[in-house]
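The values are calculated or read from the model by the stated rules, or taken from the named source; none is laboratory data. Treat the numbers as computed from the prediction; the structure is a model and nothing was measured. Here the Cβ is made from the backbone with ideal geometry for all residues, glycine too, and neighbour counts use every protein chain on show. Accessible surface areas use protein heavy atoms only, side chains included; no ligands, DNA or RNA. Shrake-Rupley method; radii C 1.70, N 1.55, O 1.52, S 1.80 Å.
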Amino acid sequence: MIVIFLRLLLLALVVFILYSLAKYVLNPKRKLELAQEQNQFFLLDDPGNVRKNFLLTYKGVRFEGEKYLGTTDQAFEVVSIFIWTDTPSKLQGLSLSDFTFITDKVKENYPHAAIDWKSPVREFLSKAQKP
């Protein structure tokens, strides 16, 4: 009887370990952190949930975007997005083309949205666009 119980307990432990491993490997936050460490672009977003902010990483900098719902000619869509970073010190080395790339990638998912940047990126973009 004890042997059968130990076998069932061992089987349950193996199933639990495999489940935990699969959950860890498939976790999108882990993919975001890995992309940030490798200085790659990664967008973590739930397009079906307007209330949930999206996270993106580009060249080792993590940005967060807040979506706002509004009306277009045909339907309710995300019409405004504010993007910021909590670590402005990591912005060193980014250029105007980098912010244009990020804006274009966000526009792929939300074509009707006006994208606004918060400080200090907003000031940088306004200076860079003035001749």
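Using Cα springs under 10 Å in a Gaussian network model of the chain, which residue among Leu21, Leu44, Leu96 shows the largest mean-square fluctuation? Evaluated over the chain, the most mobile residue of the options is Leu21. Expected output is a single nm value to one decimal: the length gained when fully extending between Gln74 and Leu26, i.e. 0.36 nm times separation in residues minus the C-alpha distance. What is it? In short, 13.7 nm is gained.
Between Lys59 and Leu11, residue separation times 0.36 nm minus the direct Cα-Cα distance comes to 12.9 nm.
Taking 25 Å as the limit for the C-alpha separation, the pairs Lys23/Lys105; Lys23/Lys118; Lys59/Lys105; Lys67/Lys118; Lys107/Lys127; Lys31/Lys107 exceed it in the case of Lys23/Lys105; Lys23/Lys118. Annotation: per residue accessible area for the chain equals 71 Å², rounded to a whole number [probe 1.4 Å, protein chains only]. Measuring r between the beta carbons of Leu96 and Gln40 and using R0 = 30 Å, the FRET efficiency lands at 0.90.
If you take the beta carbon distance between Lys52 and Asp86 as r and set R0 to 25 Å, what does 1/(1 + (r/R0)^6) give as a FRET efficiency, to the nearest 0.05? So the FRET efficiency works out to roughly 0.90.
Taking every full run of DSSP H in the chain, the ones that stretch at least 15 Å from end to end by Cα along their long axis and average -1.0 or higher on the Kyte-Doolittle scale are 2-25, 96-109. Here the extension length gained between Ser126 and Asn109 equals 3.7 nm, from 0.36 nm per residue of separation less the Cα-Cα distance.
Remark: relative contact order (the chain) = 15 percent; criterion is Cα-Cα distance under 8 angstrom and separation of 6 or more residues.
Roughly speaking, what % of Cα-Cα pairs in the chain are separated by over 20 Å, rounded to a whole number? Cα-Cα pairs of the chain separated by over 20 Å account for 57 percent.
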